[in-house]
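Enquirer: Okay, handing you the structure first.
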Amino acid sequence: KAEIDKELYLLTGYDETTYLDDSHNNKPGRKFGGILVFKLIKNKPVLFWESEEYINRMYARFEDVNNDGVVEIVWDGDFGVTGMNNAFYVYKYNRKGFLLITPINNVEGITPEGVKLKISTTILSGDGDLTYMKDIDNDGIQEITVGYRDENDKIVSKIYKYNGSKYYLWKETPVTIN
């Protein structure tokens, strides 16, 4: 729950029953879901906003990441696989809903059943122990650090900073592993 503009909002999500899969190779697909925000009107929840991105609901929370007194929705998840398994989506409240303020990559494809899909995925994903959100420059606004090991086993760290409207690449630092 969170109070925004003197109104109470509830954050939850859903998991769809459809899967993207590779059924001709007998491999399971990925279950899709999304984030839902309900506004309490006369103590009854009314759907206010739904994410367009297909993401797992269990990692979503309200958090004030820019210290302005208004909560954002932060989704950060660990996919539980090796490699680029931690990811971030951040949504800012804008009176009509929530606007995605982290950079994304749009991917289009076709399921084995011939259904066209357009999926937006965050570019803020990296190794679990190297990817996190923290105010690293002490300005009261949380940056997102995305780290991963490149093909030469060097750690690459990209830091994304919030400029009042969106997160942008602020610094990139490759570090050699000894």
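The values are calculated or read from the model by the stated rules, or taken from the named source; none is laboratory data. Only a predicted model underlies this, so the values are computations on that prediction, with no experimental measurement involved. All Cβ positions, glycine included, derive from the backbone under ideal geometry; neighbour counts span all protein chains shown.
Enquirer: Tell me which residues, restricted to the range 155-167, are surrounded by 13 or more Cβ atoms within 10 Å (Cβ to Cβ) and of a type outside the set (A, V, I, L, M, F, W, C).
Expert: Hits for the range 155-167 are S157, K158, Y160, K161, Y162, K166, Y167.
Enquirer: Restricting the search to the range 97-141, which residues are within 23 Å of E151 (Cα to Cα), exposed (fewer than 15 other Cβ atoms within 10 Å of the Cβ) and acidic (D, E)?
Expert: Across the range 97-141, the qualifying residue is only D129.
Enquirer: Then there is this: Out of all the residues in the range 105-146, which are within 15 Å of the chain's Cα centre (by Cα), at pLDDT below 75 and of a type outside the set (S, T, Y)?
Expert: Passing the criteria: only I119.
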